[in-house]
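One structure is given here, and the rest of the page talks about it.
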Amino acid sequence: MQNGIYETQEGAFGYRIERNKDGSGMPWITIADYRGMHTEVHVPERIEGIAVKALAKKTFLSRKNLKKVILPETLEEIGDWAFAYCAGLESVWIPKKRIKLGSRIFMECPKIKKVYAYEALDGVSEQTASLLAASAALLDAEYLLDIWEAGTEPWLEKWDARMKAVMEAEDDEGYTKMILCGEEDYGCSLEEFVKNKRKGKVRLAMLRLLNPIGLSSKNKELWEAYLLAHTKGCASEETWEVLRKEHGYEEEYFKLFAEIGGMGKDNFDALLLDMEGDYAEMKAFFISYKEKHMGGGDFFDALSLDD
């Protein structure tokens with residue numbers, strides 16, 4: 001096994017040249033680590049003319065600046081915790097093939113939104129990429145990180161089955177264990193724990209409705225109903241809180257909120273007041289939507305979008 005460093009404009013890759021124990025077959029490259037501060041990184045396809053076939057354990061561990069990684073078509077294996085604790089990681093491009101994936105490769109990657117399964121001559125599915133990323137970020141289901149099967153009907157059925165289990169779990173499930181283990185990921189009170197559980201379900205329901213590939217009409221109705229049960233004016237308002245604080249500038253989210261009935265005559269004034277001087281685009285959309293679908297009102301005559 002020979003070690004080396006491969007320098008690129010995007011940083012340096014530590015690597016190993018590896019061979020079968022009996023010396024048979026062609027050698028291959030394992031990327032051992034990455035040293036750099038770039039936000040976008042292309043892992044090389046070949047080093048010294050030898051194909052890059054593996055990422056070792058913890059290859060990109062804790063690279064906080066990293067946002068996007070494109071992996072080569074030659075890749076066959078990704079080691080444990082390869083991208084763990086990459087707090088800013090948003091997207092990863094992985095060749096669509098049967099790749100051996102290690103454990104917890106996206107552990108503590110809260111911003112990951114897309115895991116693309118790409119083919120050289122074909123496009124990629126944005127919806128499948130979103131669902132793949134959510135398999136790790138929202139569902140905690142590593143078995144769904146199946147690059148080869150992603151997007152197929154059986155895979156989507158398994159994805160929705162896992163989502164249903166998450167959505168139907170009691171909101172206080174896991175609280176006692178958290179306290180006994182001394183963890184405080186969800187806050188120290190039961191009330192805060194439950195609130196964060198609901199927010200997690202809201203995020204999941206929104207994501208699935210925005211990526212409806214293979215979504216049954218029954219499940220669509222279930223997830224819409226969940227969001228509406230937690231909108232502004234309900235006993236708990238996690239749907240509105242997630243939308244306003246996390247997606248107030250993303251049109252697809254506030255359009256979804258309006259189209260499923262998240263706002264109505266009973267809560268509309270309160271929604272606008274909550275936005276105060278922020279989210280001008282969302283505020284304008286809501287006003288226009290209400291005027292078209294629910295009729296205008298005196299409240300809007302005096303409303304300034306610049307306030």
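Residue-wise test of (1) modelled with pLDDT of 95 or more; (2) farther than 28 Å from S216 by Cα.
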site	(1), (2)
L75	yes, yes
P110	no, no
K113	yes, no
A117	no, no
T128	yes, no
S135	yes, no
E142	no, no
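I'm trying to understand the selection: among the residues of segment 81-127, which are small (G, A, S), assigned to a loop (DSSP other than H, G, I, E, B) and more than 20 Å from R203 (Cβ to Cβ)?
A82, A84, G102, S103, A120, G123, S125
Would you pick out the residues in segment 50-80 that are assigned to a loop (DSSP other than H, G, I, E, B) and open to solvent by less than 60 Å² (accessible area, probe 1.4 Å)?
Within segment 50-80, A56, T59, F60, S62, L66, L71, P72, T74, L75, G79, D80 qualify.
If only one of P44, P27 is surrounded by 15 or more Cβ atoms within 10 Å (Cβ to Cβ), free of Cβ contacts under 8 Å to residues at least 24 places away in the same chain and not small (G, A, S), which one is it?
P27
Output the number of residues of segment 46-92 satisfying the condition of being more than 22 Å from the chain's Cα centre (by Cα) and of a type in the set (A, V, I, L, M).
7
Filter segment 221-235 down to the residues that are loosely packed, with under 15 Cβ neighbours inside 10 Å and either in contact with a helix residue (DSSP H, G or I) (Cβ under 8 Å, 6 or more places away or on another chain) or not in a helix (DSSP H, G or I) (or both) and list them by number.
Those that are loosely packed, with under 15 Cβ neighbours inside 10 Å and either in contact with a helix residue (DSSP H, G or I) (Cβ under 8 Å, 6 or more places away or on another chain) or not in a helix (DSSP H, G or I) (or both): A229, G233, C234, A235.
Condition (residue is at pLDDT below 90, touching a helix residue (DSSP H, G or I) at 6+ places or on another chain (Cβ under 9 Å), open to solvent by less than 40 Å² (accessible area, probe 1.4 Å) and small (G, A, S)) applied to segment 151-173: is it met by at least one residue?
no
The values are calculated or read from the model by the stated rules, or taken from the named source; none is laboratory data. Note that this is a predicted model, so its numbers are computed, not measured. Here Cβ is always computed from backbone atoms with ideal geometry, including for glycine, and neighbour counts include all displayed protein chains. Note: areas computed on protein heavy atoms with side chains; ligands, DNA, RNA excluded. Shrake-Rupley method; radii C 1.70, N 1.55, O 1.52, S 1.80 Å.
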